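Just so you know, all these numbers are worked out from the coordinates, no wet-lab data involved. Please read these numbers as outputs of a predicted model, since none were measured by experiment. When we count neighbours, we look across all protein chains shown, and the Cβ atoms used for this are built from the backbone with ideal geometry, even at glycine.
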Amino acid sequence: MALFRKSPEIFGLDIGSSGVKAVYLKESGGSYTLTAFGFAPLPPDAIADGTIKDPRTVVEAIRGAVSRAGLKSSSCAIAVCGRELIIKKVQIPEVPAREVGDVVQLEAEHHVPFAIDEVFLDYQSVGQHNGVLDLILVAVKKSKVLEYAAVVEDAGLSPAIVDVDSFALGNQFELNNPGDRGETVALIDIGASIMKTNVVRGGSTIFARDIPFGGNNYTQAIAQQLKIPFEQAEAAKLGR
């Protein structure tokens, strides 16, 4: 019987180009506490421009991060970013709720530079006015999602949730800053190879984009200028 079955605990798994992080947040009284954290570094060429180049190394890093965090659950939440991800704010005529999905499918063909049957498509309503629905349209190539899901599964885990990096950033901000103050806030996450941006207002995303620029660009500039190896330049950048 499933009546008294406990829901599986889901932890966060961040697969970045410089390393893998595993975290677990415990909810108590409407707030969250970080109770587990693990990190495993990745060599610079394991993931490039958001594409996994060395799956075996990434799998081992995932296992290492989860082990160091002391996590026993196999269910995790992951997120994707990069060039294969398209985020657009679009408008469609106001239609009955049951028809929105079909209209979005047609509208997406004008905004997504990939064949529609090659992407996972989703949307979120962010407002309506004068018979028009404002939507955030999200499309990501299926190959991108399956690529990341494959290394997670090869590490013995189950990707229960696949989110978008910039939206996860927005969720974090909204959780820590409850209440609609009407402010427009720009959230920026500078990773090793990709900078994620999310502009939010009133609890909704109004603009989001991934920019292929990150900390590795500075490291490479230091390495070239000082004529030293990448690893030494990274240490210099971090003040070690």
_Nearest-ten-degree value, helix 142-154 long axis tilted from longest Cα axis of the chain_ = 50
*Can you run phi through the Karplus equation (6.51, -1.76, 1.60; θ = phi - 60°) for region 113-119 and list ³J(HN,Hα) in whole Hz, with x for Gly and Pro?*
x, 10, 4, 4, 6, 9, 10
*Within region 69-111, which residues have the backbone N less than 14 Å from the label spot 7 Å out from Ala149 along Cα→beta-carbon, could you tell me?*
76-80
*asked:* Could you give the length gained by full extension between Leu121 and Leu106, i.e. 0.36 nm per residue of separation minus their alpha carbon distance, to one decimal place?
replied: 4.3 nm
*Residues of region 127-159 with amide N under 18 Å of a point placed 7 Å along Cα→Cβ from Glu9*: 157-159
*Against the longest principal axis of the chain, how steep is helix 215-226, in degrees 0 to 90 to the nearest 10, with axes from Cα atoms?*
40
*By counting other Cβ atoms within 10 Å of each Cβ, how are Arg68, Arg83 ranked from fewest to most?*
Arg83, Arg68
*Using alpha-carbon pairs under 8 Å, 6+ residues apart, how would you state the relative contact order of the chain in percent?*
17
_Averaging over every viewing direction, what projected area does the convex hull of the Cα atoms of the chain cover, in nm²?_
17.0
_Assuming a strict under-24 Å limit between Cα atoms, what lysine pair count do you get for the chain once near-sequence pairs (fewer than 8 apart, same chain) are dropped?_
27
*Express in whole angstrom the spacing between the alpha-carbon centres of region 134-155 and region 23-56.*
16
_Multiplying the sequence separation of Lys142 and Leu175 by 0.36 nm and subtracting their Cα-Cα distance, what value in nm do you get?_
9.0 nm
*What ranking do Leu146, Leu133 get, fewest neighbouring Cβ atoms within 10 angstrom at the top?*
Leu146, Leu133
*Nearest 20 debye, what's the magnitude of the dipole of the chain about its Cα centre given +1 on Lys and Arg Cβ and -1 on Asp and Glu Cβ?*
800
*Relative to the longest principal Cα axis of the chain, at what angle does helix 165-176 sit, 0 to 90 degrees, rounded to 10?*
80
*Packing-based exposure ordering (other Cβ within 10 Å, fewest first) of Val200, Val23, Val90*: Val90, Val23, Val200
*Using amide H atoms built 1.01 Å from N in the peptide plane, name the residues 5+ places from Leu187, or on other chains, whose amide H lies under 5 Å from its own.*
Asn198, Val199, Val200
_Explain nothing, just the number: dipole magnitude of region 105-208 about its Cα centre with +1 on each Lys and Arg Cβ and -1 on each Asp and Glu Cβ, in debye rounded to the nearest 20._
240
*Mind pulling up the Rg/Rh value for region 85-139? Radius of gyration and Kirkwood radius, both on Cα.*
0.95
*Out of Lys26, Lys144, Lys227, any idea which swings most in a Gaussian network model of the chain, alpha carbons joined below 10 Å?*
Lys227
